[in-house]
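The values are calculated or read from the model by the stated rules, or taken from the named source; none is laboratory data. From a predicted model like this one, the values you see are computed outputs, not experimental measurements. Cβ placement follows ideal geometry from the backbone for every residue including glycine, while neighbour counts extend to all protein chains displayed. Heavy atoms of the whole protein, side chains included, go into the accessibility calculation; ligands, DNA and RNA do not. Shrake-Rupley method; radii C 1.70, N 1.55, O 1.52, S 1.80 Å.
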Amino acid sequence: MQAFRNCGLCASGSLLKGRTDFLVARRNMAILRLSAACVQLLKSPVHRRLLRLPEVARSNRVAFSLASSLCAVPFTQQVENLSHESLIRRASCLVTDSANTYLSQTTLALLDALTQYAKALHTLIALQKRYITSIGKLTPAEEDSIWQVIIGQRVEVSDRLEECKRFESNWMNAINICELSADAAYNSGAEHACTATKTNLQVAQCKVEELRKISKAAEKKLAETKAEEIQRMAEYASSIDIHDLEDIPEAYLRED
């Protein structure tokens, strides 16, 4: 029995020693691999770039310090410029910007309204001229149909005129606001904002005046057409028998 136990202990000792030798061999192999990798890294270009990292860090630190010093200068100047005069000047510039925007929108609205009004006037003039040339040549039904169209166009002209008056009121308010804002900008020292606002005022007034002249010319032409219509109706009435006047539509004798 004792001999059996001695054999078991010997076998266990041999097994333990073999396992220890295996672990030592693996550790030695790992050390060799690590050493080979280090030698390869020292020979590669990456190692040279890693050696330059301190220099790059120093150059970046200098650039950052220079940029910080440059950025600090305007900030100090901005703080020093926050005086009452500067704030008033900036506020007056904001007022002129808003006034110019209001003027631009109201001017566009008024110009569009004047254009549509002039178009409606010319359409009415064409319809009335067409009617004048056909007096006495149409049947009562045809004459009534033409007059329905003319009356509808007269309503269109009236609506467009009211639209012009409404937008013109807004435009005049914008003109007054721009004039006040330009004076405020000039008094606060913002000469550039004052000059720009006055230029916008002149441009807006010139454009509106041009379309006003076109509308006035159309109104004058419409009045001449109405006078021609009245004269033509008088000639037509004098050329027919008094009993035939009952066939003349009532719209012929209507004045606008």
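What number of residues in segment 206-232 are at pLDDT below 90 and among the aliphatic types (A, V, I, L, M)?
Within segment 206-232, residues that are at pLDDT below 90 and among the aliphatic types (A, V, I, L, M) number 2.
Among the numbered criteria (1) open to solvent by 80 Å² or more (accessible area, probe 1.4 Å); (2) among the acidic types (Asp, Glu); (3) at pLDDT 80 or above, which single criterion is violated by GLU235?
Condition (3) is where GLU235 drops out.
Pairs only if they're at least six apart or on different chains, beta carbon under 6 angstrom, first in segment 216-230 and of a type in the set (Ser, Thr, Tyr), second part of a helix (DSSP H, G or I) and open to solvent by less than 50 Å² (accessible area, probe 1.4 Å); list them, first residue then second.
Going by the 6 Å Cβ cut-off, the qualifying pairs are THR225/ILE125; THR225/GLN128.
Give me the residue from segment 150-200 that is closer than 30 Å to GLU229 by Cα and among the acidic types (Asp, Glu) and, out of that set, least open to solvent (accessible area, probe 1.4 Å).
GLU163
For segment 126-153, which residues satisfy the criterion of being assigned to a helix (DSSP H, G or I), of a type in the set (Val, Ile, Thr) and touching a residue at least 40 places away in the same chain (Cβ under 8 Å)?
If the condition is that a residue be assigned to a helix (DSSP H, G or I), of a type in the set (Val, Ile, Thr) and touching a residue at least 40 places away in the same chain (Cβ under 8 Å), then ILE132, ILE150, ILE151 are the ones that fit.
For segment 115-135, give me the residue count where each residue is within 13 Å of GLU219 (Cα to Cα), buried (at least 20 other Cβ atoms within 10 Å of the Cβ) and of a type in the set (Ser, Thr, Tyr).
1
Write out, first by first residue and then by second, each pair whose Cβ atoms fall under 6 Å of each other, whose residues are 6+ apart or on separate chains, and whose first residue, in segment 154-183, is in contact (Cβ under 8 Å) with a residue 12 or more places away in the chain and within 14 Å of ASN200 (Cα to Cα) while the second is in a helix (DSSP H, G or I) and open to solvent by 60 Å² or more (accessible area, probe 1.4 Å).
From residues that are in contact (Cβ under 8 Å) with a residue 12 or more places away in the chain and within 14 Å of ASN200 (Cα to Cα), the pairs are ALA174/TYR102; SER181/VAL95; ALA182/LYS198.
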